[in-house]
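Following this message is one structure expressed as structure tokens.
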Amino acid sequence: MTNWTLALTGRALIAIVLVAISGVAMAQMTPVGQWHSSDEKTGELKSLIIINETGGVLNGHIDKLLRKTADQKAVCKECTDDRKDKPMLGLEIIRGAKKVDGKDVWEGGKILDPENGKDYSLRMTPIEDGKKLEVRGSIAFFGRTQTWVRVQ
């Protein structure tokens, strides 16, 4: 190989690596993945949430209950829809979120608080290069925002 061929091959390799790295970084700016939610008062881990995408729509469920005192056989007693009395493990808490055009924001869906059985309008925004997820549930102008942490 000539020096010119080696230089070109080296540059091509660097370009491929940079594209791969940027693709990984961009892939993280989505709610899709595994997230830890925490108790807002104590900071104790509450659950592992898995968010999936199907046809551009995001849905998420509780995969694990992480509190030390969590009843692994608990059911959603407070739910009033098809999730009533369903096990917390596997419970779908996020339904129907879609990406806002041109923004790293997903909304238009609902999020369930299984502790009170209420559904809230949902807005999810990845922050800190996708390492965290701001999850906002609201009714009218009232709501609260939690910050979930991506599980690596």
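Among the residues in region 63-78, are any in the same structural domain as D39 (by TED's automatic domain parsing), out of contact with any Ser or Thr (no Cβ under 6 Å at 6 or more places or on another chain) and touching a residue at least 60 places away in the same chain (Cβ under 8 Å)?
no
A further question on this structure: Of all residues being acidic (D, E) and over 22 Å from V32 (Cβ atoms) in region 59-108, which is modelled with the lowest pLDDT? Just the residue, please.
D71
Checking the structure you have, find out if any residue of region 12-30 is in a loop (DSSP other than H, G, I, E, B) and modelled with pLDDT of 95 or more.
yes
Scan region 35-57 for residues that are buried (at least 19 other Cβ atoms within 10 Å of the Cβ) and either under 14 Å from E134 (Cα atoms) or not assigned by TED's automatic domain parsing to the domain that holds D101 (or both) and jot them down.
If the condition is that a residue be buried (at least 19 other Cβ atoms within 10 Å of the Cβ) and either under 14 Å from E134 (Cα atoms) or not assigned by TED's automatic domain parsing to the domain that holds D101 (or both), then W35, S37, I49, I51 are the ones that fit.
Might you let me know whether region 59-75 holds any residue that is under 14 Å from E115 (Cβ atoms), crowded, with 17+ Cβ neighbours inside 10 Å and basic (K, R)?
no
If you go through region 122-152, how many residues are part of a strand (DSSP E or B), touching a Lys or Arg at 6+ places or on another chain (Cβ under 9 Å), under 22 Å from M29 (Cβ atoms) and not charged (D, E, K, R)?
The total comes to 12.
Are there any pairs, at least 6 apart or on different chains, whose C-beta atoms fall under 9 Å, with the first in region 111-134 and closer than 15 Å to N59 by Cα and the second of a type in the set (S, T, N, Q) and in a loop (DSSP other than H, G, I, E, B), and if so, which?
Hits for this filter: D119/T80.
Of the residues D81, D104, only one is touching a residue at least 12 places away in the same chain (Cβ under 8 Å), of a type in the set (D, E) and surrounded by 15 or more Cβ atoms within 10 Å (Cβ to Cβ); which?
Of D81, D104, the one residue that is touching a residue at least 12 places away in the same chain (Cβ under 8 Å), of a type in the set (D, E) and surrounded by 15 or more Cβ atoms within 10 Å (Cβ to Cβ) is D104.
Conditions first: (1) surrounded by fewer than 16 Cβ atoms within 10 Å (Cβ to Cβ); (2) assigned to a strand (DSSP E or B); (3) touching a Pro at 6+ places or on another chain (Cβ under 8 Å). G96 passes all but one, so which condition is the exception?
Condition (3) is where G96 drops out.
The values are calculated or read from the model by the stated rules, or taken from the named source; none is laboratory data. What you see is a predicted model; the values in this text were computed from it and never measured. Please note: Cβ atoms are built from the backbone with ideal geometry, for glycine as well, and neighbour counts cover all protein chains shown.
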